[in-house]
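K.L.:
Shown below is the structure under consideration.
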Amino acid sequence: MNIDARSDASDMAKSLGGTMKLLALAVSMAASLFASAALADPVVWTLNGVTTLDGQTVTGSFTYDADTNTYSAINVLSTGGVGPFTALYPATASTAGAAIFIQTPAGPGQNGILFNTANKTNAGGTLTIITGQGSGGLFTCSGVCTNGNFTAGRSIATGTLVGAPVAPVPTLSEWAMILFGTILAGGAALYIQRRQQFA
């Protein structure tokens, strides 16, 4: 192998290295320009300023996924030793607008709490709890809590639910993927062309 051939090979390697760096930079810029939010995650809803008509204070939080109408991580407590409420009321009583939580383990005279609001979404926000007799509040079940066997109790006087959405995970949008594929194809074509040129 003569000196000119080695020099050509060295020049090709440098040229390809520079091309790959430019390609990586272009892909990085495209990804940052065309990022879009991924599917929303469930939202943690926190009770804020919730009190009953007789002066009980209710605190705590729970997680709600509006996509699947699923409640989890329930941890709600009332002053005066009522609670903690850590389980979802049986069957399908809880919806996007009404959350009914009960004490665990199940047993006779079990306590529960009902919150009525506008429908919760995965966008979060602040929702005012609907107040007044029959709209929600603390209650006691006549036996083990099942659908329809709870008695009216302490109605909620005031309060809100505050939902904080999780920060979205950036992903490439459809156009960014097209641009990314075009850049990769162009880079591959350039690499093949340079390789054939120095062969």
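K.L.:
Quick one: what pairs do we get from segment 108-125, first residue among the hydroxyl-bearing types (Ser, Thr, Tyr), second surrounded by fewer than 19 Cβ atoms within 10 Å (Cβ to Cβ) and assigned to a loop (DSSP other than H, G, I, E, B), C-beta under 8 Å, 6+ apart or different chains?
P.N.:
Pairs found: 117/97; 117/130; 121/66; 121/96.
K.L.:
Answer with yes or no whether residue 55 is closer than 19 Å to residue 128 by Cα, out of contact with any Asp or Glu (no Cβ under 6 Å at 6 or more places or on another chain), modelled with pLDDT under 90 and not polar (S, T, N, Q). Break it down stepwise before answering.
P.N.:
Details: closer than 19 Å to residue 128 by Cα: yes; out of contact with any Asp or Glu (no Cβ under 6 Å at 6 or more places or on another chain): yes; modelled with pLDDT under 90: yes; not polar (S, T, N, Q): yes.
So residue 55 fits the description; yes.
K.L.:
Let me ask something else about it. Out of the residues in segment 58-69 that are farther than 15 Å from residue 164 by Cα and touching a Leu at 6+ places or on another chain (Cβ under 9 Å), which is surrounded by the most Cβ atoms within 10 Å (Cβ to Cβ)?
P.N.:
58
K.L.:
Whether any residue in segment 123-131 is at positive phi, at pLDDT 80 or above and part of a strand (DSSP E or B) is what I want to check.
P.N.:
yes
K.L.:
Of the conditions (1) at negative phi; (2) part of a loop (DSSP other than H, G, I, E, B); (3) small (Gly, Ala, Ser), residue 109 fails just one. Which one is it?
P.N.:
Going through (1) at negative phi; (2) part of a loop (DSSP other than H, G, I, E, B); (3) small (Gly, Ala, Ser) one by one, residue 109 breaks only (1).
The values are calculated or read from the model by the stated rules, or taken from the named source; none is laboratory data. In this text, all values refer to a predicted model and were calculated from it rather than measured experimentally. Using ideal geometry, Cβ is built from the backbone for each residue, glycine included, and neighbour counts are taken over all protein chains shown.
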